[in-house]
Structure formats: structure tokens, C-alpha cells
Amino acid sequence: MMRKRPLKVALLGCGVVGSEVARIMTTHAADLAARIGAPVELAGVAVRRPSRVREGIDPALVTTDATALVKRGDIDVVVEVIGGIEPARTLITTAFEHGASVVSANKALLAQDGAALHALAQEQGRDLYYEAAVAGAIPLIRPLRESLAGDKVNRVLGIVNGTTNFILDKMDSTGAGYQEALDEATALGYAEADPTADVEGFDAAAKAAILAGIAFHTRVRLDDVYREGMIEVTAADFASAKAMGCTIKLLAICERAADGGSVTARVHPAMIPLSHPLASVRGAYNAVFVESDAAGQLMFYGPGAGGAPTASAVLGDLVAVCRNKLSGATGPGDSAYTQLPVSPMGEVVTRYHISLDVADKPGVLAQVATVFAEHGVSIDTVRQQGRQDGGGDASLVVVTHRASDASLSGTVEALRNLDTVRGVASIMRVEGE
């Protein structure tokens, strides 16, 4: 029998995502009630600009006092979609302390303070769900922490930022330069006026911290994630990638060490073979590739941003939290029993593609090969090409076998000190093989 008293929801933020959450709660009210076992009522909407017209939302529900809203005591679930660290952190902790569970899309806050928020939720007997914090509409967090809870996840490799994937895909498919592709992404609404968080990898790094923590049952903070942006990727890099049968993606990579004693989390551009499933992810879409002992290789794919897709993930969490509320239970919380250390980037082992500008004369290749050998980095292939303008320089492309990042860094530093090396044009990791 359906419970008569509705479950009351406070919505913090009514922008692109929040307005879609409110719309779906209204238009799908009967279906949500049937799935949950009780009606769900939007009890209040906290905003910064109350005078703004919000279609489909009763103006009487709108308030600028978010703190008073989460302190009401009759609120069952708080949906936080305002983003940022503060006031989101204080509002979430206040909600827990006043009887509400929380659904959040706040990747930055969860990457920085997820452990503390989980601890408080457990202490207060509340739920903290955040499917929408990573990869938009794609069901990913719940499969990792529930469906794969009995398995051992070894690697998570993903495209988790739609803006950067759109830019790199445009550079790959049309030959456009970075700025040209960014301008198009901005015009189409895929990139913010200030795209720094996306193109410098901050957004993806926060998501990588969350994914690594869940996948490996350990604590990984944003500061633990190695990060490189993609603003220095050039058309020449794509030409080299194509020559190798690869493309370039900005990847979030979370790995468990072979001996199981540590984990790594990193975000950077990388070449991946065209045969890899992630290579075919186009436009602003996201995809995450998971490798585990028992399940093997799994691929999660779909729209990674946008109002309606992200709201879909928020509503899925809302249904789960409301069901828990009715049954008097809570869902899975923080699982960090392994307490594995996060290894520094220098210990990461992968392949590398290095492009050098060198003097076009005999003996240069031998000098370069000697430097690689001295630092324990084995060369797989070498390609040398003279400059078309007939100058005295040449382009030398070296692809290595697997080596540590520290060894590669030492190699590059030594190469820069060679008189015959005019410059290191680019360094890119090769993943997914």
C-alpha cells in the first residue's frame, strides 16, 4: 500500500541540471511514486537569483535561504546541484545533521572531502549518493560499488569530459588546430566561456579521484591525481598518431599495481590504438572502460554532460535513496578497507611517443639511442624525416617499449642537453594496448 505522506525533497540549485530535475519530478510524478512506493514532493528550491522566472516551479517554493531549507526537519532528501566546495559542503553536512539524506552531482567536493562526508553520513544514518558526479547519465558509480562489489577491479580507463573529447575529435577528424576546435566547442555550448577546468584536466582529475576510490576500495583525493591538460596537443601530434594507427584522447586512468600493493590515478592526453573501444568515442560523449578479474572488460558509454542526461542520474539516485528511506535502511557507503597508498607518477609504467627536432647530420641517431639506453628506456621504433624547407634540422620520432615515467623524464632531460637536439617537440604516452 502506498504511503500517504509524501517524501519531501529540497533542491539546492536550479540551473541547467536543477531545472531538469524539477521538471522530471513534476512530469513523471506518478511514475516516480509508483517506483518508490510513496509520492515525492518538491518542498523547496534554493537559488541565488529569486527574481528569475523558472517555468514549471511554484514561486512560493523558491528561496535564497538554503541553510533554512535544509534545517527544516521535515526534508527527507536534499538534492545538491550547485557545485563547488562552499557553501555546498556546509549545506550537505547540515542536511545530514537535520535528518536528510543527500543526492549530489558535486564532483569537486566529493574528490576533495568525500571521506569526511561519507563518515558523517554513516554517523547520522543517512545516504550519500552521487551517480551524477561522474560521466553524466552513464550508470557507472553504482555498477562499480554494487554490481562489481564481489569482483576485483584492476583498471579504469575513461573519457570523462565531453568538452575535451569534442575538441580532440574535431582536431582528429578535420585537421583543425586546438584554438579553432575550442572556438567551435564554445559556439555550440560544449565549452564554458572559461574552459580552464576542462582543457587543463581539473574536471577529469576530480572524476578520476572518485572512480579510483570506489574501484580500489581506498582513499584517493584530488591532490593524489597526476594531471596534464591537452592545450599543447597539435595537428602534428595527430599526424604522428595516425601514422601509428592511433588517435589521441584525454584519459582518466586509474590502476592497481600488479602486486596489488598500491594504486595510481592520472589524467593526461594519450595515444590509443584505433582498435581500442575508446578510440571510437566521438563528439561530446563519454565512455569508461573497466577491467576486472572475473567480469573481464566492460564498457560504459553515453552522454556525459547536459541538463537532462545529468538529471537522469540524479533522479535514479533519488529513487534509490527514497526507497531506502521507506525501508528504514541505507545504501552502500564508503568502502576504503584496503587503505592502499597512491604511488607517485614517476612509478607509472607505460609506452611513450617522443618527437625531437634534431640536427640533420650523421651520428645523431646513435647519440639519441645512447641516451635512451643509459636511462634504461628501450626503443621500439624510430622514424626520421628531413625538413621540407631544406634546412639543417630533421624530425626524429621515437616510440619506446614500456618504461617508468621517472626513467622517461630523465631521458628527456638528458636529450635536451645534447648539442644535436634542437628541442623536444612533444611527449605523449601510449595507452590501451
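Of the strands (runs of 3 or more DSSP E) that lie entirely inside segment 13-123, those containing 3 or more residues that are among the aliphatic types (A, V, I, L, M), out of contact with any Asp or Glu (no Cβ under 7 Å at 6 or more places or on another chain) and not assigned by TED's automatic domain parsing to the domain that holds A205 span 40-46, 77-80. Scanning segment 139-152 for residues that are over 23 Å from P269 (Cα atoms) and either out of contact with any Pro (no Cβ under 8 Å at 6 or more places or on another chain) or not assigned by TED's automatic domain parsing to the domain that holds A197 (or both) turns up P139, I141, R142, P143, L144, S147, L148, G150, D151, K152. Of all the listed residues (S51, S101), the sole one being touching a Leu at 6+ places or on another chain (Cβ under 9 Å), farther than 30 Å from R266 by Cα and of a type in the set (G, A, S) is S101.
For the residues A135, A121, the requirement of being within 16 Å of A206 (Cα to Cα) and among the hydrophobic types (A, V, I, L, M, F, W, C) singles out A135.
Here are V348, V399: which of them is in contact with a Ser or Thr (Cβ under 8 Å, 6 or more places away or on another chain), modelled with pLDDT of 95 or more and within 22 Å of T264 (Cα to Cα)? Please lay out each step first, then the result.
On the way: V399 fails: within 22 Å of T264 (Cα to Cα).
Only one candidate qualifies: V348.
Would a scan of segment 263-272 turn up a residue that is outside the structural domain of V382 (by TED's automatic domain parsing) and either part of a loop (DSSP other than H, G, I, E, B) or over 16 Å from L157 (Cα atoms) (or both)? No, that holds for no residue.
Against the criterion of being modelled with pLDDT of 95 or more and in contact with a Ser or Thr (Cβ under 6 Å, 6 or more places away or on another chain), V70 qualifies. Each residue in segment 67-91 was checked for being under 25 Å from H28 (Cβ atoms) and hydrophobic (A, V, I, L, M, F, W, C), and 8 pass.
Quickly run through segment 241-255 and pick out the residues that are part of a strand (DSSP E or B) and in contact with a Ser or Thr (Cβ under 8 Å, 6 or more places away or on another chain). Answer for segment 241-255, where residues must be part of a strand (DSSP E or B) and in contact with a Ser or Thr (Cβ under 8 Å, 6 or more places away or on another chain): L250, I253, C254, E255. Among the conditions (1) free of Cβ contacts under 8 Å to residues at least 40 places away in the same chain; (2) closer than 15 Å to L222 by Cβ, the only one that A108 does not satisfy is (1).
Name the residue that is surrounded by the fewest Cβ atoms within 10 Å (Cβ to Cβ), counting only residues in segment 321-337 that are in contact (Cβ under 8 Å) with a residue 40 or more places away in the chain and out of contact with any helix residue (DSSP H, G or I) (no Cβ under 8 Å at 6 or more places or on another chain). The selected residue is Y337.
Screening V319, V281, V288 for residues that are touching a Leu at 6+ places or on another chain (Cβ under 7 Å), at pLDDT 95 or above and not assigned by TED's automatic domain parsing to the domain that holds I24 leaves exactly one candidate, V288. The condition (being of a type in the set (D, E, K, R) and surrounded by 24 or more Cβ atoms within 10 Å (Cβ to Cβ)) is satisfied by just one residue among K170, K249, K152, K242: K249.
Hey, can you tell me all the residues within segment 47-100 that are of a type in the set (A, V, I, L, M, F, W, C) and surrounded by fewer than 17 Cβ atoms within 10 Å (Cβ to Cβ)?
Step one: of segment 47-100, the residues of a type in the set (A, V, I, L, M, F, W, C) are 47, 53, 57, 60-62, 66, 68-70, 75, 77-79, 81-82, 85, 88, 91-92, 95-96, 100.
Once the filter is applied, which keeps residues that are of a type in the set (A, V, I, L, M, F, W, C) and surrounded by fewer than 17 Cβ atoms within 10 Å (Cβ to Cβ), segment 47-100 yields V53, A60, A68, I85.
The values are calculated or read from the model by the stated rules, or taken from the named source; none is laboratory data. For clarity, every value in this text was computed on a predicted model and none was experimentally measured. Positions of Cβ are backbone-derived with ideal geometry, glycine not excepted, and every protein chain shown enters the neighbour counts.
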